[in-house]
Amino acid sequence: ENVAGGRYDAQNAGKVLEALENSSFTGKLRSLPLGVETQLTREFENSGTQLSGGEQQKLAIARAFYKNADLIILDEPSSALDPIAEYEMYESMMKACENCGMIFISHRLSSAVMADRIYMMDGGMVIEEGTHAGLMDQNGKYAEMFRKQAQNYAEVAE
């Protein structure tokens with residue numbers, strides 16, 4: 001019901017489960033005691049569950065996939081996810097959106113690598129645009145910021 005925005009039944013069950021899979025929510029779904037029938041709060045049901053911020057984001061993305069929109073716009077869709085969950089979510093989203101357009105806004109430039117087109121903004125203006133490889137070759141603001149973020153990951157790994 002949360003994904004469909006209304007009644008959940010045999011007619012839309014397949015579409016709901018596909019949307020949950022496309023948003024990388026199925027791992028969490030499998031762990032829920034009542035599966036898709038689990039209440040998403042403990043307020044009304046002791047057997048309910050509380051979702052993390054990242055799980056809530058994945059559920060919200062599943063709603064967008066359920067609607068089968070021609071264009072999906074996401075603002076910081078991975079902000080509450082760890083790097084592995086972020087990668088898996090973007091992989092699923094890219095596969096699910098092969099036949100639709102997707103715009104995502106992100107300050108995490110590692111997610112931009114998968115994008116067909118990147119628009120770097122500063123002060124409300126587009127200052128650079130292109131593919132990841134092209135922007136890295138330009139060696140401008142995008143490349144500078146990407147290297148700084150990548151350096152932070154490298155330092156943590158060391």
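The values are calculated or read from the model by the stated rules, or taken from the named source; none is laboratory data. This is a predicted model, so every value here is computed, not measured. Accessible surface is based on the protein model in full, side chains and every heavy atom, while ligands, DNA and RNA are left aside. Shrake-Rupley method; radii C 1.70, N 1.55, O 1.52, S 1.80 Å.
For the chain, the pair-distance distribution built from all alpha carbon pairs, in bins 10 Å wide starting at 0, is 10, 34, 30, 17, 8, 1 percent. For the range 1-66, the spherically averaged projection of the C-alpha convex hull amounts to 4.2 nm². Compute the helix-to-body angle for 141-157: its Cα long axis versus the longest principal axis of the chain, expressed 0 to 90° and rounded to tens. In the chain, helix 141-157 runs at an angle near 60 degrees to the longest axis. Counting DSSP beta bridges in the chain, what percent are antiparallel, to the nearest 5? Roughly 50 percent of the beta bridges in the chain run antiparallel, per DSSP.
Straight-line reach only, C-alpha to C-alpha below 24 angstrom: list the lysines that Lys58 could link to, leaving out same-chain residues fewer than 8 apart. Of all the lysines, those that pass the test against Lys58 - Cα under 24 Å, at least 8 places apart if same chain - are Lys15, Lys28, Lys67, Lys95. Relative to the longest principal axis of the C-alpha atoms of the chain, give the angle of the C-alpha long axis of helix 83-96, reported between 0 and 90° and rounded to the nearest 10°. Relative to the chain, helix 83-96 is tipped by roughly 80 degrees.
Rounded, prolate or oblate: which fits the range 73-158, taking a ≥ b ≥ c as square roots of the Cα gyration tensor eigenvalues, rounded meaning a/c under 1.5, else prolate when a/b beats b/c? Write out the running numbers ahead of the final one.
Working: a/c = 1.70, a/b = 1.08, b/c = 1.57.
Note, shape of the range 73-158 comes out oblate.
Solvent-free Debye calculation, one equal scatterer per alpha-carbon of the range 58-99: log10 I(q)/I(0) at 0.22 Å⁻¹ equals -0.73. Only protein atoms count toward the accessible area here, which uses a 1.4 Å probe; on the chain, the carbon and sulfur part of that area reaches 49 percent.
With all protein chains in place and ligands, DNA and RNA left out, the 1.4 Å accessible area ranks Arg30, Arg108, Arg117 as Arg30, Arg117, Arg108, largest first.
Near the amide H of Phe104, within less than 5 Å, lie the amide hydrogens of Leu74, all on another chain or at least 5 residues away, with H placed in the peptide plane. Calculated accessible area for the chain comes out at 63 Å² per residue, all protein chains present (probe 1.4 Å; ligands, DNA, RNA ignored). Helical content alone sets the calculated 222 nm signal of the chain at -13000 deg cm²/dmol, taking -39,500 (n - 2.57) per DSSP H segment of four or more residues and averaging over every residue.
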